[in-house]
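Chemist: This is the structure I have questions about; it appears just below.
The values are calculated or read from the model by the stated rules, or taken from the named source; none is laboratory data. All figures in this text were calculated on a predicted structure; none of them were measured in a lab. Methodologically, a virtual Cβ is constructed for each residue, glycine included, from the backbone with ideal geometry; neighbour enumeration extends over all protein chains shown.
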Amino acid sequence: MSQADQLIIFDTTLRDGEQSPGASMTKDEKVRIGKALEKLHVDVIEAGFPIASPGDFEAVSAVASAVKESTVCGLARALDKDIDRAGEALKEANSARIHTFIATSPIHMQHKLRMTPDQVIEQAVHAVRRARRYTDNVEFSAEDAGRSEIDFLCRIFEAVIDAGATTLNVPDTVGYAMPIQFGELIRQMRERIPNADKAIFSVHCHNDLGLAVANSLSAVSNGARQVECTINGLGERAGNASLEEIVMAVRTRPDIFACQSRLDTTQIVNCSKLVSNITGFPVQPNKAIVGANAFAHESGIHQDGVLKSRETYEIMRAEDVGWSQNRMVLGKHSGRNAFRTRLESLGISFESEEGLNAAFSRFKELADKKHEIFDEDLQALVTDTKTESFNERVKLIALKVCSETGETPHAEVTLIVDSEEEPGAASGGGPVDAAFKAIESIVNSGTELQLYSVNNITSGTDAQGEVTVRLEKGGRIANGQGADTDIVIASAKAYINAVNKILEPVAKAHPQTGDV
């Protein structure tokens, strides 16, 4: 495809998606998602904000080393220290991009930056030139472009193109724009900026008014050739534009959009399930493309029509995005090779045989409880295995809960804390509450429970329950996940997973704050 025909997909799940409260990911989890995005053929993967914390720097470096086919990007404010840190984090990447930004709206320049428009342009130009020391692939973003004056946007974009920026990003940072207005903004800038043909126009839309996808597609119709988006629409506040919706809209309506992405869309559902599993953010059943009901038909009229001709009620094939009824049945008699093969088809791999062995052992334990193991079970199982290998400061050894009519539920738990075995017991309002209090009697984490959510991973009475627990302590939020056919044990696993994250000494700044 020529540059005019290709729509570049810039995925920011690992950076902007992680800014969803409770969606923090470990380095290993970021690498897993990065490899899945690479298999999806995402063009650019924004792996994080390297200067935010040592952990974020290490995660960006790890993704840059692991991903070979996609471009790996690091975010940096228009500051020398940010850009240098991003350049260092990306040095092992086969293809690297530095994404630098500064605010351009009057309200941001006056109240946040306290800089004049001329000073903002000067700093933006300096930042782009410094980024060019590390790579010739430099993206510049005008933060809050949706509320910026078009004359100023034209000035600053012309200047950064001359300085070496190859991609110009127009973010609707606060989700304020309307589709007609936003598309017109892109069209006018492409016409008015003298050197506009030397850069690719990009958009980054937030979903505060539910218009992120609509605004992005309007921009594409008016010449934008990169869209910044996330798996499942994950992101700060109401989220970002949803990758799967953008890609499938462009693919399904070639009569409207004069471009195509290069994504392998059959990997979309796998990516969606992986991100949901790692972050603990469930996908609503009626979510477009990746929701469980996206290709389901209950109405008799609809069922009759689909049976006669799929196109009567389906504008896409379920198989084209990764939904399929054809699957290898895994159970307690399945061998290691079948297990490994199924994981590979889901884009899951292990760096060592020890990791695979641990996952296979868990698989056998689960197979003794369930007749059939589904893909969703495998995703949860692998996340559970890799979570323990990441951090085992607190580990669940045993849990006993007594709950009967007319009696106060009571839990007894045994944990390993910093290599020492410790017992604990407590009563509570219910079996889960008792289990959590028993755990707290040992760890004394001092956290507050912000969220407790339960979802069934698959259907059936033997389904695993997937529990998400969100804890808060001193402004820090940690999301924990656990899965088991016993929902109380799944809850305990999730709580301990969140406690382990809270106990990790991580200092991380928001990319839009003034100091790091």
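Chemist: Would you check which residues across region 255-281 are among the aromatic types (F, W, Y) and within 13 Å of the chain's Cα centre (by Cα) and list them?
Modeler: F281 - this is the single residue of region 255-281 that is among the aromatic types (F, W, Y) and within 13 Å of the chain's Cα centre (by Cα).
Chemist: Please tell me if Q226 is surrounded by fewer than 18 Cβ atoms within 10 Å (Cβ to Cβ), at pLDDT 95 or above and out of contact with any Gly (no Cβ under 6 Å at 6 or more places or on another chain).
Modeler: No.
Chemist: Answer yes if at least one residue in region 291-298 is modelled with pLDDT of 80 or more and within 28 Å of the chain's Cα centre (by Cα), and no otherwise.
Modeler: yes
Chemist: Hey, N286 hits all of (1) surrounded by 12 or more Cβ atoms within 10 Å (Cβ to Cβ); (2) among the polar types (S, T, N, Q); (3) at pLDDT 65 or above; (4) out of contact with any Asp or Glu (no Cβ under 9 Å at 6 or more places or on another chain) but one; which does it fall short on?
Modeler: Single failed check for N286: (1).
Each row is one residue, and each column tells you yes or no for (1) under 20 Å from H108 (Cα atoms); (2) part of a helix (DSSP H, G or I); (3) not charged (D, E, K, R).
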{"position": "I161", "(1), (2), (3)": "no, yes, yes"}
{"position": "L168", "(1), (2), (3)": "yes, no, yes"}
{"position": "F182", "(1), (2), (3)": "yes, yes, yes"}
{"position": "L185", "(1), (2), (3)": "yes, yes, yes"}
{"position": "P194", "(1), (2), (3)": "no, no, yes"}
{"position": "D208", "(1), (2), (3)": "yes, no, no"}
{"position": "A214", "(1), (2), (3)": "no, yes, yes"}
{"position": "A219", "(1), (2), (3)": "no, yes, yes"}
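Every residue, every condition in (1) small (G, A, S); (2) in a strand (DSSP E or B), yes or no:
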| site | (1), (2) |
| --- | --- |
| A411 | yes, yes |
| L415 | no, yes |
| F436 | no, no |
| Y452 | no, yes |
| G480 | yes, yes |
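Chemist: A follow-up question, please. Given the residues D172, D118, D136, which is the only one that is closer than 23 Å to I83 by Cβ and within 29 Å of the chain's Cα centre (by Cα)?
Modeler: Matching residue, one of D172, D118, D136: D136.
Chemist: Sticking with this one: For region 22-113, give me every one of the strands (runs of 3 or more DSSP E) that falls completely inside it and has 2 or more residues that are more than 15 Å from the chain's Cα centre (by Cα) and not acidic (D, E).
Modeler: It comes to 71-77, 96-103.
Chemist: I've got another one for you. Any residue in region 281-289 that is closer than 29 Å to C154 by Cβ, touching a strand residue (DSSP E or B) at 6+ places or on another chain (Cβ under 6 Å) and of a type outside the set (D, E, K, R)?
Modeler: No, because not a single residue in region 281-289 is closer than 29 Å to C154 by Cβ, touching a strand residue (DSSP E or B) at 6+ places or on another chain (Cβ under 6 Å) and of a type outside the set (D, E, K, R).
Chemist: Name the single residue, out of those in region 221-254 being assigned to a strand (DSSP E or B) and within 18 Å of the chain's Cα centre (by Cα), that is farthest from T266 (Cα to Cα). Let's see the steps before the verdict.
Modeler: Of the residues in region 221-254, the ones assigned to a strand (DSSP E or B) are 226-230, 240, 242.
Then keep just the ones that are within 18 Å of the chain's Cα centre (by Cα); that gives 227-230, 240, 242.
Working: V227: 20, E228: 20, C229: 18, T230: 17, N240: 22, S242: 16 Å.
It comes out as N240.
Chemist: So is V42 out of contact with any Ser or Thr (no Cβ under 7 Å at 6 or more places or on another chain) and not small (G, A, S) or not?
Modeler: no
Chemist: While we're looking at this one, here's another question. Only one of I301, I256 is at pLDDT below 70 and farther than 27 Å from T71 by Cα; which? Please lay out each step first, then the result.
Modeler: Details: I256 fails: at pLDDT below 70.
On inspection, the qualifying residue turns out to be I301.
Chemist: Within the group E412, E422, E407, E440, which residue is within 12 Å of V394 (Cα to Cα), over 34 Å from the mean Cα position of the chain (by Cα) and of a type outside the set (A, V, I, L, M)?
Modeler: Going through E412, E422, E407, E440 in turn, the sole match is E422.
Chemist: Looking only at region 135-152, decide whether some residue is part of a helix (DSSP H, G or I), surrounded by fewer than 20 Cβ atoms within 10 Å (Cβ to Cβ), touching a Phe, Trp or Tyr at 6+ places or on another chain (Cβ under 7 Å) and in the same structural domain as V72 (by TED's automatic domain parsing).
Modeler: yes
Chemist: Now for a different question. Assess whether G428 counts as being at positive phi, surrounded by fewer than 19 Cβ atoms within 10 Å (Cβ to Cβ) and not aromatic (F, W, Y).
Modeler: no
Chemist: So the check is Cβ under 7 Å with 6+ separation or different chains; which pairs have a first residue in region 433-462 that's closer than 15 Å to Q481 by Cβ and a second one that's assigned to a strand (DSSP E or B) and of a type in the set (S, T, Y)?
Modeler: L451/T468; S453/T468
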